[in-house]
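Asker: First the structure, then my questions, so here it is.
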Amino acid sequence: MITFDNVTKVYDRKSRPALNSVSLDVDRGEFVFLVGASGSGKSTLIRLVLKEEHATRGTVYVAGSNVAKIPSWRVPRLRRGIGVVFQDFRLLPNKTVFANVAFAMQVIGRSRAVIRDSVPEVLKTVGLEGKDNRLPHELSGGEQQRVAIARAIVNRPGILLADEPTGNLDPTTSLGIMKVLDRINQNGTTVVMATHDHDIVNAMRKRVIELRNGQVVRDEREGIYLATAMQPVVPAAGTDAVSEKDPAAAAPAAGTVSASSRPEAAGTPGSAEQSGARQGSANEGSAKQNSTAGSEVSE
Ligand SMILES: Nc1ncnc2c1ncn2[C@@H]1O[C@H](COP(=O)(O)OP(=O)(O)OP(=O)(O)O)[C@@H](O)[C@H]1O
């Protein structure tokens, strides 16, 4: 579903690469945690999948397409197949829960009848039945994130990217959000979640890909995330990609699988279409606005 083939991303030639020779495969239907300290490259990886950034070297494939070769007029179609959720929810403050989710369908021209049927269904999936008419400020943080997730899946994306979706939430609320994401994944959507949250990673026991200084240092089935992994990154300016004092950054940890191998445990439970999972977009007016709806990726 997502393949990185020896991908390097350099933002600034005087700094170390944000991603350095990253190779990995995420199969359809997998749930993958992307972990690593601040600055390790998690968000960059997500932006490359969305073609918000371009790889300096190497190739990114999404649903079999080389992202670099997708012409700009087809990028919205790529993004429609990818739901995105952020730490800060990015809801439209003056629209109700229903309208926030419906908006993701309106922008891709879904009919009112389809919207009327689909929105309550997806609100039920995320556990927000009966809250259709609330405004975002009338919801708890966890509920607001559920709205964002509903919006991200309402158009049935094949992939859901979540960048620190529990970063603003307390541990109990975070676990509720993880149950929602797990359910969406069980329904067939491939989920890639960037996180710093050890407790969540350790509770879920899903595949863990760990980045350090832009390199994959661990790719483990049913992995855990130790607090010691939260080491500061090598200072960016004028340094090499990997610190000599940090052997873990140069070699995979014991017991891990190759970064480019496919975990046998990875299931392929089928497409989002089969599942009833749905997708949506980010905030009004943003680039990720285009990450709404229907799609190439889920085709
Ligand atoms: N637009 C940009 N221009 C220049 N450098 C950037 C840009 N975006 C990210 N970087 C640099 O690339 C590296 C990786 O950043 P990235 O945001 O991908 O890390 P991250 O793991 O997502 O961090 P966090 O957990 O804090 O969000 C960092 O050194 C960062 O400073």
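Asker: Just to verify a number: FRET efficiency for residue 27 and residue 54, C-beta to C-beta distance, R0 = 25 Å, to 0.05?
Answerer: 0.55
Asker: Over region 10-158, give the accessible area per residue in Å² for a 1.4 Å probe, as an integer. Display every interim value, and only then the final one.
Answerer: Details: 6260 Å² over 149 residues.
With all protein chains present, region 10-158 gives 42 Å² per residue.
Asker: Could you size up the charge dipole of region 41-134 around its Cα centre, putting +1 on the beta carbon of Lys and Arg and -1 on that of Asp and Glu, and report it in debye to the nearest 20?
Answerer: Details: 17 positive and 7 negative charges, 59 e Å.
Magnitude of the dipole: close to 280 debye.
Asker: Sticking with this structure for a sec: Given N residues in region 106-162, what is its alpha carbon radius of gyration divided by 2.2 N^0.38 Å?
Answerer: Numbers: Rg = 11.6 Å, N = 57, 2.2 N^0.38 = 10.2 Å.
Compactness ratio reported: 1.13.
Asker: Same structure again: Note down the magnitude of the dipole of region 102-143 about its Cα centre, charges +1 on Lys and Arg C-beta and -1 on Asp and Glu C-beta and zero elsewhere, to the nearest 20 debye. Could you put the intermediate results ahead of the total?
Answerer: Details: 6 positive and 6 negative charges, 35 e Å.
So the magnitude is around 160 debye.
Asker: On to the next question. Could you sort 31-41, 169-179, 128-138 so that the peptide with the highest average Cβ count within 10 Å comes first and the rest follow in order?
Answerer: Numbers: 31-41: 22.8, 169-179: 16.4, 128-138: 14.1.
Ranked from most to least packed, the peptides come out as 31-41, 169-179, 128-138.
Asker: Another question, then. So how far, in whole Å, is the C-alpha centre of region 65-93 from the one of region 186-218?
Answerer: Centre-to-centre distance over Cα atoms comes out at 20 Å.
Asker: Given the pairs 95/124; 9/69; 124/179; 14/42; 42/131; 42/95, which span a C-alpha to C-alpha distance of over 23 angstrom in this model?
Answerer: Values: 95/124 19 Å; 9/69 17 Å; 124/179 13 Å; 14/42 20 Å; 42/131 33 Å; 42/95 31 Å.
As for pairs spanning more than 23 Å Cα to Cα, those are 42/131; 42/95.
Asker: Calculate what fraction, in whole %, of the accessible area of region 45-94 sits on carbon and sulfur atoms when a 1.4 Å probe is rolled over the protein chains.
Answerer: On the way: 1100 of 2340 Å².
Whole-percent figure for carbon plus sulfur exposure: 47.
The values are calculated or read from the model by the stated rules, or taken from the named source; none is laboratory data. Quick caveat, the model's predicted, so the values are computed rather than measured. Here Cβ is always computed from backbone atoms with ideal geometry, including for glycine, and neighbour counts include all displayed protein chains. Heads up: the accessible areas ignore ligands, DNA and RNA and are worked out on the full protein's heavy atoms, side chains in. Shrake-Rupley method; radii C 1.70, N 1.55, O 1.52, S 1.80 Å.
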